[in-house]
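Below is one structure, written out as structure tokens, with a few remarks after it.
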Amino acid sequence: MNDLERIERIKAVLGERAAEITNPSPQRIFLTVPARTLVPALEQLKTELGYRHLSTISGVDLGDVFEILYHFGYDGGNLNIRTRIPKADPRLPSICAVIPGAVLYERELQDMFGIIVEAIPDGRRLVLPDDWPDGNYPLRKDWKHVRAAEKIPGGKS
Amino acid sequence: MKFQIPIGPQHPALKEPISLRMTVEGEVIRDADLRLGYNHRGIEKLAEERTYLQNIYLTERICGICSHSHTTCFVQGVEALLEVVAPRRGQFLRYLVAELERVHSHLLWLGVAGHEAGFDSFFMYTWRDREVVMDILEMISGNRVHYAINTLGGVRRDIDEALRTKILDSLGILRARTDYYFKLGANEPSFVGRLAGVGRLSKEDALALCAVGPTARASGVAHDVRRDDPYGIYGEIPFEVCTADSCDVLGRTVVRIKELGQSYNIIEYLLRNLPDGPVAVKAPRRAKPGEVVSRDEAPRGENIHYIKANGSDKPERLKVRAPTLANYAATLARLKNGFIADIPLIFAAIDPCICCAERTVELIDGRSGRPTVVRWSDLRRRAARRAGRVSKKRNVECPL
């Protein structure tokens with residue numbers, strides 16, 4: 001099955017849910033799905049077309065919106081499902097009910113971007129330390145790392 | 001006078017510190033949990049402030065064992081963004097180093113598996129033979145760990161005829177040794193008895209939890225990025241994807257030994273068909289706005305980079321997912337209902353960076369809820385005791 005046939009089948013299955021679908025280079029398909037229909041769309045893609053291997057989830061800070069990409073691997077290439085959520089209200093549905101292996105990637109999104117993943121089965125911190133101050137999300141573009149003043153234990157000798 | 005020397009829980013010598021938390025009931029693990037981030041270095045944030053060329057050296061330092069697969073993944077993606085194609089000789093050398101790296105990583109893992117199973121002579125044999133590959137890598141690149149051979153538009157060093165012949169000669173030694181390991185792995189009763197049936201991961205679980213690499217392939221999931229999503233020159237190289245259906249640590253061992261054989265074939269193909277010509281072309285510094293998803297098959301499994309360019313010489317975003325992260329969910333599933341004594345083997349079976357191993361594990365008693373801290377060496381002693389109790393079948397050929 002080549003890229004064009006795949007695109008046709010995805011369009012046939014998703015209907016109007018597939019807002020935009022592009023094929024910028026061979027073996028790569030980019031599909032845009034609104035966040036509110038993300039979970040049913042992934043469910044359909046998994047059960048009807050067999051897209052079940054989630055490689056990872058990437059978050060990108062685009063200023064006023066966050067772009068979330070779900071990278072799916074299949075035999076012959078890579079399907080990237082894109083969804084956008086406003087930065088003012090960063091809420092995203094959890095896809096763990098459909099893809100159980102997504103939980104670590106969703107926890108990483110919560111830590112690094114401050115996105116609230118709704119109905120996540122395990123919402124604890126994953127990569128940030130326990131004493132990390134609230135409201136600091138390192139991969140947001142407006143977050144800058146400020147190195148704390150060095151403290152020498154015991155003071156200067 | 002008293003001194004306090006802080007070593008651990010985050011020891012500077014540990015590359016990839018990780019904390020595992022097991023809930024146990026007697027000897028049986030009922031629940032497993034892990035905590036990451038002890039060594040989170042903020043590489044994705046840092047990459048946004050470095051140029052594409054500087055980022056090659058940054059991505060090389062993501063991992064100490066599969067350093068080349070991260071730069072390959074990054075360089076492939078950036079070359080697509082810069083609209084540069086590496087010359088064929090450069091690509092052949094790039095994937096030659098990638099396969100040599102797979103050989104050294106799998107030999108390293110075999111040694112670790114032998115060590116965790118209490119078969120230390122196996123560990124010493126494989127690590128001795130691994131030196132053959134390490135020497136080749138050093139002769140090609142000048143380095144044993146960070147080869148620094150990838151650059152935008154090709155590779156940085158060429159090989160000459162003498163080196164080409166030397167690598168082909170060394171393959172003979174490696175092939176003979178690997179055949180011996182295969183015989184050993186399949187027939188040595190105490191080794192097979194220790195590995196068979198440990199850490200089961202069904203095919204359904206491997207698919208649902210998105211496991212990658214030899215972990216998934218040992219559960220019968222024939223995923224291999226080199227074949228599924230051919231990159232570089234892998235579309236024209238003949239090789240097989242090795243799988244096993246036993247779904248246990250023995251299967252993962254067998255898959256890796258078989259993959260060694262495939263890698264030798266690929267290396268031989270690359271060297272026999274090595275084209276003439278330049279090894280690199282000049283690449284521009286700035287990339288047009290765009291995005292690219294780059295994948296490659298690292299020794300541990302699928303490696304994926306997402307790179308977004310904004311028109312400058314620095315990436316807007318670099319997302320990296322290393323294969324070990326993808327395999328954690330599957331590891332937790334495998335630990336459940338296993339024995340405490342099997343933790344080292346099961347955890348080592350996904351081939352996490354070796355330095356994670358010498359750490360403390362917290363065991364929580366399922367009935368009293370009281371946590372106790374056990375050292376990795378104690379766990380290994382328990383493992384060896386348990387192995388001693390396993391009934392051994394003498395002179396049987398195990399179906400693989």
Divide, for chain B, the radius of gyration over alpha carbons by 2.2 N^0.38 Å, where N is the residue count. 1.01
Starting from the alpha-carbon convex hull of the range A:3-118, give the projected area averaged over all orientations, in nm². 6.7 nm²
Inverse of mean 1/r across different Cα pairs in the range A:106-157, Kirkwood, Å: 13.2 Å
Taking R0 as 30 Å, what FRET efficiency do you get between A:ASP142 and B:ARG61 from their Cβ-Cβ distance, rounded to the nearest 0.05? 0.65
Which of A:LEU92, A:GLY59, A:VAL39, positive extreme of dipole for the range A:3-118 (C-beta unit charges): A:VAL39
Rounded FRET efficiency, nearest 0.05, which uses the C-beta distance separating A:LEU4 from B:GLU138 and R0 of 41 Å: 0.30
Please give the direction-averaged projected area of the C-alpha convex hull for the protein assembly as shown, in square nanometres with one decimal. 28.7 nm²
extent check for the range B:22-177: Cα max minus min per principal axis, descending, whole Å, gives 60, 44, 20
Euclidean distance of C-alpha centroids, the range B:281-337 and the range A:126-157, integer Å: 25 Å
Under unit Cβ charges (Lys, Arg +1; Asp, Glu -1), what dipole magnitude, rounded to 20 debye, does the range B:43-322 have relative to its Cα centre? 460 debye
Where does each of B:LEU168, B:LEU274 land when they are ranked from fewest to most other beta-carbon atoms within 10 angstrom? B:LEU168, B:LEU274
Taking Cα atoms, the helix B:323-335 axis meets the longest principal axis of chain B at an angle in degrees (rounded to 10) of 20 degrees
Net charge over other residues, Cβ less than 13 angstrom from the Cβ of A:ARG107 (K, R count +1; D, E count -1): -2
Positive end of the charge dipole of chain B (Lys, Arg +1 and Asp, Glu -1 on Cβ, about the Cα centre): tell me which of B:GLY251, B:PRO344, B:VAL293 has its Cα farthest that way. B:PRO344
Roughly how crowded by other chains is peptide A:139-151, in terms of the mean Cβ count from those chains within 10 Å of each of its Cβ atoms? 1
Could you tell me which of B:LEU271, B:VAL84, A:GLY101 has its Cα farthest along the dipole of the protein assembly as shown towards the positive end, charges placed at Cβ (Lys, Arg +1; Asp, Glu -1), taken about the Cα centre? A:GLY101
GNM on chain B, C-alpha springs below 10 Å: top fluctuator among B:LEU93, B:LEU107, B:LEU171? B:LEU171
Cα shape, the range B:234-283, gyration tensor, a/c 1.5 rule: prolate
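Once you have a ≥ b ≥ c as the square roots of the Cα gyration tensor eigenvalues for the range B:188-228, tell me rounded if a/c is under 1.5, and otherwise prolate or oblate according to whether a/b is larger than b/c.
Details: a/c = 3.83, a/b = 1.84, b/c = 2.08.
Taking the square roots of the gyration eigenvalues as a ≥ b ≥ c, the range B:188-228 is oblate.
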For the range B:73-141, the spread of Cα positions along each principal axis, largest first, Å: 51, 22, 13
Rounding to the nearest 10 and keeping the result within 0 to 90°, find how far the Cα-based axis of helix B:376-389 lies from the longest principal axis of chain B. 60 degrees
With charges only on Cβ, +1 for K and R and -1 for D and E, what is the dipole size of chain A about its Cα centre, in debye, rounded to 20? 300 debye
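For an R0 of 22 angstrom, estimate the FRET efficiency from the Cβ-Cβ distance between B:ASP33 and A:TRP132 and round to the nearest 0.05.
That pair, B:ASP33 with A:TRP132, gives E of 0.70.
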Space enclosed by the convex hull of the alpha-carbon atoms of the range B:19-70, per residue, Å³: 102 Å³
Compute the Rg/Rh shape ratio of the range A:67-157: radius of gyration over Kirkwood radius, all on alpha-carbon atoms. 1.12
Order these by the 10 Å Cβ neighbour count, fewest first: A:SER25, B:SER141. A:SER25, B:SER141
Within straight cross-link reach of B:LYS336, meaning Cα distance under 13 Å, which aspartates and glutamates are found once same-chain residues fewer than 8 apart are removed? B:GLU25, B:GLU27, B:ASP31, B:ASP33, B:ASP205
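About its Cα centre, what dipole magnitude does the range B:131-190 give when the only charges are +1 on Lys and Arg Cβ and -1 on Asp and Glu Cβ, stated in debye to the nearest 20?
120 debye
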Report the local net charge at B:GLU268: Lys and Arg +1, Asp and Glu -1, summed over other residues whose C-beta lies under 13 Å from its C-beta. +1
Add +1 for every Lys or Arg and -1 for every Asp or Glu among the other residues with Cβ under 13 Å from the Cβ of B:GLY153, and state the total. +4
Find how many whole Å separate the alpha carbon centroid of the range B:180-235 from the alpha carbon centroid of the range A:28-100. 28 Å
Pull up the cross-link candidates among the aspartates and glutamates for A:LYS151, meaning alpha carbon to alpha carbon under 18 Å and not fewer than 8 places away within one chain. A:ASP131
Output the antiparallel fraction of DSSP beta bridges having both residues in chain A, as a percent to the nearest 5. 75 percent
Filter B:LYS45/B:LYS203; A:LYS11/A:LYS46; A:LYS11/B:LYS319; A:LYS141/B:LYS282; A:LYS144/B:LYS308; B:LYS166/B:LYS282 down to the pairs with a C-alpha to C-alpha distance above 25 Å, please. B:LYS45/B:LYS203; A:LYS11/B:LYS319; A:LYS141/B:LYS282; B:LYS166/B:LYS282
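All of the numbers you see were taken from the coordinates with simple rules; none came from a lab. Every value quoted in this text rests on a predicted model; they were computed, and no experiment measured them. Ideal geometry is used to build each Cβ from the backbone, glycine not excepted, and the neighbour counts take in all protein chains shown.
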